[in-house]
Amino acid sequence: MKKILLLGSGELGKEFTIAAKRLGQYVVACDAYEHAPAMQVADECEVFKMLDGDALAVAVKKHQPDIIVPEIEAIRTERLYDFEKQGIQVVPSARAVNYTMNRRSIRDLAAKELGVKTAHYRYAASLEELQEHAKEIGFPCVIKPLMSSSGHGQSVARTEADLVKSWDEAQHGSRGDIAEVIIEEFIKFDFEITLLTVTQKNGQTLFCAPIGHVQKDGDYRESFQPMPMRPEQLKQAQEMAALVTGALTGSGIWGVEFFVSNEQGVYFSELSPRPHDTGMVTLSGCQNLSEFELHARAVLGLPIPVIKQEKVGASAVVLSEIEKQGYPDFTGIEEALKEEDTDVRIFGKPFTRFHRRMGVVVCSAPLGSDINALRDKCKAQAAKIKVI
């Protein structure tokens with residue numbers, strides 16, 4: 001049995017904890033607030049701010065974990081190098097977490113060092129720099145905080161007049177203590193995908209079927225698997241994903257995001273060194289192993305003989321339209337579950353705010369089924385569930 005220190009205890013951490021517990025592991029869940037979702041299924045928990053490096057060091061000294069698994073971006077990541085030197089396994093590795101928690105590091109690695117195709121980009125540490133570099137990139141352009149997740153703080157500036165608002169949104173949405181932003185060329189893509197990529201201690205890299213997803217206001221709303229795409233497009237994405245994850249080193253699952261243009265090819269966008277929110281579609285049973293089970297096995301060095309796409313899957317989020325302190329109630333779950341091959345996962349967050357993700361509906365259908373019909377069904381079932 002290994003002792004795992006989980007940094008961040010949201011819905012992704014909860015599913016990972018369940019997967020790890022099923023494999024006989026001991027999990028200490030950490031987050032900035034009490035009763036976070038993963039804490040509800042873990043063996044122990046700690047409450048402290050993930051950006052407090054001293055508090056993190058205290059938790060590590062107290063629990064003496066064998067493995068540290070980050071679930072969120074806003075962590076005092078430089079401390080992970082020290083823990084790794086002490087012999088603690090950091091997932092996927094301290095190098096990977098430090099690079100991917102900051103868009104500057106991962107984008108420069110991909111574009112400049114590895115030669116991976118990306119959108120043109122610049123950085124800005126002030127509104128004045130943003131205004132200058134946005135003109136160089138051209139309009140429309142995409143503005144993102146260097147440190148954020150799930151699209152927080154991201155916006156599209158269509159004219160120079162939008163830049164003040166974009167700067168403010170980026171500062172408000174940043175997950176760390178870095179004010180800098182990245183300005184990206186607006187890619188006219190036909191669709192975007194998440195390619196879940198599994199790196200293993202034996203050196204083998206495996207890929208899940210591509211996941212299509214839809215974002216609104218920079219945040220995930222639905223995902224579906226497999227995303228139909230041309231074989232040469234998928235090959236390009238797999239080659240890029242293997243190149244970047246190999247350079248970052250370590251074992252675990254990675255959510256590698258790409259823009260796909262049928263005319264201009266495949267563009268690397270971003271990478272997360274952990275289960276991805278769009279990968280919650282794998283909870284539908286569309287794969288033989290969910291992304292969380294894959295992550296747990298890879299982290300522990302357990303065999304993954306094969307990843308099989310067994311069904312078509314879809315997911316749709318349940319958003320809150322209210323703000324409430326304390327556990328909310330839900331209506332419509334019974335109605336949603338009347339459809340066959342439908343499941344509901346309520347995350348168990350102890351408070352809510354407007355448009356906070358509180359649950360997900362997942363649906364499946366036999367391979368070869370109409371993916372768009374399944375998406376419509378899943379969204380319809382999710383719409384029946386209300387947070388009250």
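The values are calculated or read from the model by the stated rules, or taken from the named source; none is laboratory data. What you are looking at is a predicted structure, and each value in this text was computed from that prediction instead of being measured. Note that each Cβ is placed from the backbone with ideal geometry, even for glycine, and that neighbours are counted across all protein chains shown.
Screening S364 against (1) at pLDDT 95 or above; (2) of a type in the set (S, T, Y); (3) within 19 Å of the chain's Cα centre (by Cα) leaves a single unmet condition, (3).
Among the residues of region 365-388, those identified as more than 20 Å from L12 (Cα to Cα) and either in a loop (DSSP other than H, G, I, E, B) or small (G, A, S) (or both) are A365, L367, G368, S369, D370, A373, A380, A383, K384, I385, I388.
Being in a helix (DSSP H, G or I) and in contact with a strand residue (DSSP E or B) (Cβ under 7 Å, 6 or more places away or on another chain) is the filter here; which residues of region 283-304 pass it?
Hits for region 283-304 are L283, S284, E291, L294, H295, A298, V299.
Here the condition is being at pLDDT 95 or above, in contact with a Cys (Cβ under 6 Å, 6 or more places away or on another chain), acidic (D, E) and surrounded by fewer than 24 Cβ atoms within 10 Å (Cβ to Cβ); of E84, E46, it holds for E46 alone. Output yes when any residue across region 88-111 is at pLDDT 95 or above, surrounded by 19 or more Cβ atoms within 10 Å (Cβ to Cβ), among the β-branched types (V, I, T) and touching a Leu at 6+ places or on another chain (Cβ under 6 Å), and no when none is. Within region 88-111, one or more residues are at pLDDT 95 or above, surrounded by 19 or more Cβ atoms within 10 Å (Cβ to Cβ), among the β-branched types (V, I, T) and touching a Leu at 6+ places or on another chain (Cβ under 6 Å).
Taken together, the criteria exclude Q264 from residues that are surrounded by 17 or more Cβ atoms within 10 Å (Cβ to Cβ) and out of contact with any Leu (no Cβ under 7 Å at 6 or more places or on another chain).
Looking only at region 334-352, count how many residues are hydroxyl-bearing (S, T, Y) and out of contact with any helix residue (DSSP H, G or I) (no Cβ under 8 Å at 6 or more places or on another chain). Number satisfying all stated conditions: 1. Scanning region 264-292 for residues that are among the hydrophobic types (A, V, I, L, M, F, W, C) and closer than 24 Å to K117 by Cα turns up V266, F268, L271.
Can you tell me which residue among I253, I307, I322 is assigned to a loop (DSSP other than H, G, I, E, B) and within 17 Å of L195 (Cβ to Cβ)?
The conditions single out I307.
Starting from residues that are crowded, with 20+ Cβ neighbours inside 10 Å and either in contact (Cβ under 8 Å) with a residue 40 or more places away in the chain or outside the structural domain of G326 (by TED's automatic domain parsing) (or both), keep the ones in region 348-357 and report whichever is nearest to the chain's Cα centre (by Cα). Only one residue tops the list, namely R357. Going residue by residue through region 329-351, is there one that turns out to be under 19 Å from S284 (Cβ atoms) and among the aromatic types (F, W, Y)? Within region 329-351, one or more residues are under 19 Å from S284 (Cβ atoms) and among the aromatic types (F, W, Y). Residue under question is I187, and the condition is that it be in a strand (DSSP E or B) and either modelled with pLDDT under 95 or of a type outside the set (F, W, Y) (or both); does it hold? Spelling it out, it is not the case that I187 is in a strand (DSSP E or B) and either modelled with pLDDT under 95 or of a type outside the set (F, W, Y) (or both).
How many residues, within region 1-24, are more than 16 Å from the chain's Cα centre (by Cα) and within 16 Å of L56 (Cβ to Cβ)? Residues flagged as more than 16 Å from the chain's Cα centre (by Cα) and within 16 Å of L56 (Cβ to Cβ) within region 1-24 amount to 3.
T205 meets all of the listed conditions (1) without any contact (Cβ under 8 Å) to a residue 60 or more places away in the chain; (2) among the polar types (S, T, N, Q); (3) under 30 Å from G53 (Cβ atoms); (4) assigned by TED's automatic domain parsing to the domain that holds P273 but one, namely (3).
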